[in-house]
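Enquirer: Pasting a structure below so you can have a look.
The values are calculated or read from the model by the stated rules, or taken from the named source; none is laboratory data. Just so it is clear, the model here is predicted, and its values are computed rather than measured. As a convention, Cβ positions derive from the backbone with ideal geometry for all residues, glycine included, and neighbour counts pool all protein chains shown.
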Amino acid sequence: MGLPLAYALARSRSRLRPLIEAVVSLPLVLPPTVIGFYLLLAFSDSTALGRFLIGRLGMSLNFTFGGILIGSLVYSLPFMVQPLQAGFQQLPRSLTEAAYTLGKSRLTTLWRVLLPNMKPALLNGIVLTFAHTLGEFGVVLMIGGSLPGRTRVASIAIYDEVQSLHYAQANAYAFTLLAVAFVILVALYWFTKKDAARRLA
Amino acid sequence: MIDFHLTKALHTAAGPRKLDVRLTLAPGELLAISGPSGAGKTTLLRLLAGLSRPDSGFLQVDGQEWYSHERKHWLPPQRRPLGFVFQDYALFPNMTVRENLAFAAAGQPNPRQLEAGLLSLLELTELAERRPVALSGGQQQRVALARALARRPRLLLLDEPLAALDGPSRQRLQQALADIHREFNLTTLLISHDPAEIARLAHRVVELDLGRVRRVGAPEPPAGALVQGRVEAVLPGGLLRVRLAGSTALVEVPAPVGSTPVPGDELALMLAVVSVPQLAC
């Protein structure tokens with residue numbers, strides 16, 4: 001989702017660009033509960049969009065895993081789009097043009113030339129998005145509620161356990177989350193470093 | 001045969017101007033474009049390559065229509081068989097020299113053979129497994145040239161390919177350009193500011209200024225650079241041994257493009273060694 005959007009934004013010279021950039025970046029500024037609240041409204045049967053989703057597509061998104069997924073996606077979008085957009089803009093325009101004059105399509109150019117040359121931006125976006133989604137709380141709580149076994153995510157489970165004074169259980173959840181996040185981040189940064197070293201060799 | 005008339009609005013330091021150029025190139029011609037910065041040289045090349053859209057006019061290459069304002073026809077750059085060498089070389093940093101060529105040669109008949117041929121023609125075989133960051137400017141420029149040729153273009157567009165190079169690698173690349181032109185006989189447009197370079201490589205030169213053609217004609221060698229000589233012998237490999245007028249000195253030079261002098265012919269030469277290097281390189 002982030003990739004085509006970032007590509008379009010980086011290449012666009014449209015007058016609407018600032019507007020779209022602002023919409024994508026809104027979750028950076030607003031409290032997560034605001035996003036969650038409006039998504040909750042949008043998915044419910046009191047709005048046109050919600051009625052369309054439920055009636056036509058049979059998608060009832062509130063308090064389901066799908067709803068959480070979409071909520072997290074909207075909320076984490078700027079963390080993916082912004083590094084990628086910066087990455088695209090940093091690449092010299094002549095790289096794209098050189099590929100075009102060699103007869104390469106836009107897609108081939110994106111896949112074989114642009115993306116391989118912006119790996120740091122790509123990894124940065126993945127790390128930020130991942131980290132942010134893992135720690136996501138407000139949007140998920142608003143849309144998903146906290147239904148055990150269905151929409152209860154780790155961060156909310158911890159909060160619930162602490163509220164009920166089950167510190168041992170909270171600690172188990174929290175420590176697992178910490179360990180998983182740490183391992184994945186270390187792996188990603190290690191990979192970035194190795195890649196940079198290989199590039200200079 | 002290339003025939004075009006292209007116009008495009010230019011934004012120059014002197015305010016808005018209109019680029020308006022009408023030219024016809026004979027097959028195999030090497031045309032140099034020179035002029036001050038902001039004259040529209042690079043814009044003209046980009047219009048020919050399809051990297052920018054002209055405001056009006058037409059462009060025909062070997063009887064094929066690449067652009068026509070009247071018929072609202074515009075061929076995207078991907079479908080124009082041309083080679084473009086960029087000022088900043090624009091090599092793909094994620095690929096080795098060989099991979100850069102292979103990427104360009106993909107889809108051509110016998111891509112491997114083509115690739116190997118170009119590597120050896122431009123003396124890149126030794127460097128084939130290196131990435132562009134590990135190459136000097138001159139080496140990168142030779143890779144860019146090889147990559148442009150790997151598509152088997154019908155038209156070669158060179159945007160100041162020699163501007164960023166110093167003395168020896170400049171000489172070497174000039175030689176490479178002359179060799180390539182002899183070998184492939186490609187219609188070529190070359191942007192250059194160096195009169196000696198233009199005189200050595202080009203059949204004709206177009207001087208652009210503020211978007212207009214100031215002069216089209218034979219290249220003028222820089223004053224005082226000409227030396228008379230007489231051909232002593234024709235050597236294998238397209239070389240001539242020439243005795244310089246008024247001395248006993250003999251020099252060996254490549255035969256001029258498109259003609260074969262015989263012993264006894266009088267020639268005008270431009271000698272190109274500019275300084276004596278301290279170290280052999």
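One line per residue, one yes/no per condition, for (1) closer than 27 Å to B:Thr7 by Cβ; (2) surrounded by 15 or more Cβ atoms within 10 Å (Cβ to Cβ); (3) at pLDDT 95 or above:
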| residue | (1), (2), (3) |
| --- | --- |
| B:Ser37 | yes, no, no |
| B:Phe58 | yes, yes, no |
| B:Trp66 | yes, yes, no |
| B:Phe103 | no, yes, no |
| B:Ala106 | no, yes, no |
| B:Arg112 | no, no, no |
| B:Glu123 | no, no, no |
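Enquirer: Looking only at the stretch A:30-72, which residues are of a type in the set (Ser, Thr, Tyr), modelled with pLDDT under 75 and either closer than 30 Å to A:Gln85 by Cβ or touching a helix residue (DSSP H, G or I) at 6+ places or on another chain (Cβ under 9 Å) (or both)?
Expert: Listed by number, the residues that qualify are A:Thr33, A:Ser44, A:Thr47, A:Ser60, A:Thr64.
Enquirer: Which condition from (1) in contact with a strand residue (DSSP E or B) (Cβ under 8 Å, 6 or more places away or on another chain); (2) within 12 Å of chain A (Cβ to nearest Cβ); (3) of a type outside the set (A, V, I, L, M) is the one that B:Gln141 breaks?
Expert: (2)
Enquirer: With the checklist (1) closer than 22 Å to A:Glu97 by Cα; (2) in a helix (DSSP H, G or I) in hand, flag the one item B:Leu114 doesn't pass.
Expert: (1)
Enquirer: In addition: Do any residues in the stretch B:80-91 that are facing chain A (nearest Cβ under 7 Å) and farther than 9 Å from B:Ala49 by Cβ have Cβ atoms under 9 Å from those of residues that are among the acidic types (Asp, Glu) and part of a loop (DSSP other than H, G, I, E, B), where the two are at least six apart or on different chains, and which pairs are they?
Expert: B:Phe86/B:Asp159
Enquirer: If we keep just the residues of the stretch A:1-29 that are of a type in the set (A, V, I, L, M, F, W, C) and exposed (fewer than 14 other Cβ atoms within 10 Å of the Cβ), which is modelled with the lowest pLDDT?
Expert: A:Met1
Enquirer: How about the stretch B:51-70: which of its residues are in a loop (DSSP other than H, G, I, E, B) and among the polar types (S, T, N, Q)?
Expert: Scanning the stretch B:51-70 gives a single hit, B:Ser52.
Enquirer: Please give the number of the condition B:Leu45 fails out of (1) in contact (Cβ under 8 Å) with a residue 24 or more places away in the chain; (2) more than 14 Å from chain A (Cβ to nearest Cβ); (3) within 28 Å of B:Gln141 (Cα to Cα).
Expert: Single failed check for B:Leu45: (2).
Enquirer: Same structure, new question: I need every pair where a residue in the stretch B:102-125 that is within 14 Å of chain A (Cβ to nearest Cβ) has its Cβ under 6 Å from the Cβ of a residue that is among the small types (Gly, Ala, Ser) and not in a loop (DSSP other than H, G, I, E, B), sequence separation at least 6 or different chains.
Expert: Close Cβ pairs satisfying both conditions: B:Pro111/B:Ala105; B:Leu114/B:Ala105; B:Glu115/B:Ala102; B:Glu115/B:Ala105; B:Leu118/B:Ala146.
Enquirer: Counting only residues that are hydroxyl-bearing (Ser, Thr, Tyr) and touching a helix residue (DSSP H, G or I) at 6+ places or on another chain (Cβ under 6 Å), how many does the stretch A:73-95 have?
Expert: Selection size over the stretch A:73-95: 2.
Enquirer: Continuing with this model, one more query. Can you tell which of A:Leu122, A:Leu102 is modelled with pLDDT under 85 and within 14 Å of chain B (Cβ to nearest Cβ)?
Expert: Checking each option against the conditions leaves just A:Leu122.
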